[in-house]
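Heads up: the structure comes next, in structure tokens.
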Amino acid sequence: MSEPKTDKPRVPAVEGWFTMSEPPALLGTRCVQCSTIFFPRETVACRNPACRSTAFTDHELSRRGKLWSYTTAHYQPPPPFIADDPFVPYSIAVVELEAEKMTVLGQVPTSVPAESLVVGMEMELVIDRLYEDEQNEYVVWKWQPVASSATENGGAR
């Protein structure tokens, strides 16, 4: 987690786009007829121009993928974006999902320096703070580098 812990309730900044469970997952849909997967979810009509289906099933997307590209936002986006004061630059990652081979954008936790990002590295989905108000901590999905097995096991021995 890139931000200090808070006792405020954690609330999705965007309802229905991801789970709050451990491990988290992005929520998409799969067309029943052509099997095309969509994120964000589709509920009206298949976006595949060769398909006319209106039937979908829920689909949890891969939690891992490869860093396809990234950039760092050094300026504060205009409203309605809510930023901390003072503004802290953050990186935005484009990750190609393992199974679906589709790309999904997401912020990178501010605790991850942009200099540590390398195209092709393995990334994983995490839920992290976007902003908070007096009542809630609003969270979104973010992409962070997968920890090495040595780090996951408490360091090299």
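Coordinate-derived values only; no laboratory data. Worth saying up front: this structure is predicted, and the values here are computed from it rather than measured. Cβ sites come from the backbone with ideal geometry, for glycine too, and all protein chains shown count toward neighbours.
Structural remarks
- Within the chain, percent of DSSP bridges classed antiparallel, to nearest 5: 90
- Close amide-amide hydrogen proximity is noted between E100 and S62, each under 5 Å apart and 5 or more residues distant or on a separate chain (H modeled in the peptide plane; Pro and chain starts excluded).
- Farthest towards the positive end of the charge dipole of the chain, among the residues S62, W143, S21, is the Cα of S62, using unit charges on the Cβ of Lys, Arg, Asp and Glu.
- Mean Cα-pair separation over length for region 79-130, i.e. relative contact order, pairs under 8 Å, 6 or more apart, %: 28
- Summing Lys and Arg as +1 and Asp and Glu as -1 over all other residues whose Cβ lies under 9 Å from the Cβ of R10 gives a net charge of +1.
- Maximal additional length on extending the V146-T72 stretch stands at 24.7 nm, based on 0.36 nm per residue less the C-alpha distance.
- Compared with the alpha-carbon gap, the fully stretched path from A55 to R10 is longer by 13.0 nm at 0.36 nm per residue.
- Reported to the nearest whole Å, the Cα centre-to-centre distance from region 93-108 to region 1-52 is 13.
- Calculated from the structure at hand, Rg/Rh (Cα atoms, Kirkwood Rh) is found among (1) 1.05; (2) 1.65; (3) 1.00 as (3).
- Fewest neighbouring Cβ atoms within 10 Å first, the residues R129, R10 line up as R10, R129.
- Contour minus Cα-Cα distance for T19 and D133 (0.36 nm per residue): 38.9 nm
- Each other residue within a Cβ distance under 15 Å of K66 adds +1 if Lys or Arg and -1 if Asp or Glu, for a net charge of -2.
- Within region 1-105, chymotrypsin sites (Phe, Trp or Tyr not before Pro) in DSSP loop having at most 11 other beta-carbon neighbours inside 10 Å: Y75, F81
- Stretch in the chain that is longest and holds no GluC sites (Glu not before Pro) that DSSP places in a loop and that have at most 15 other beta carbons within 10 Å: 16-97
- Placing a pseudo-label 7 Å from each Cα along the Cα-to-Cβ vector at I92 and T43 gives an inter-label distance of 2.6 nm.
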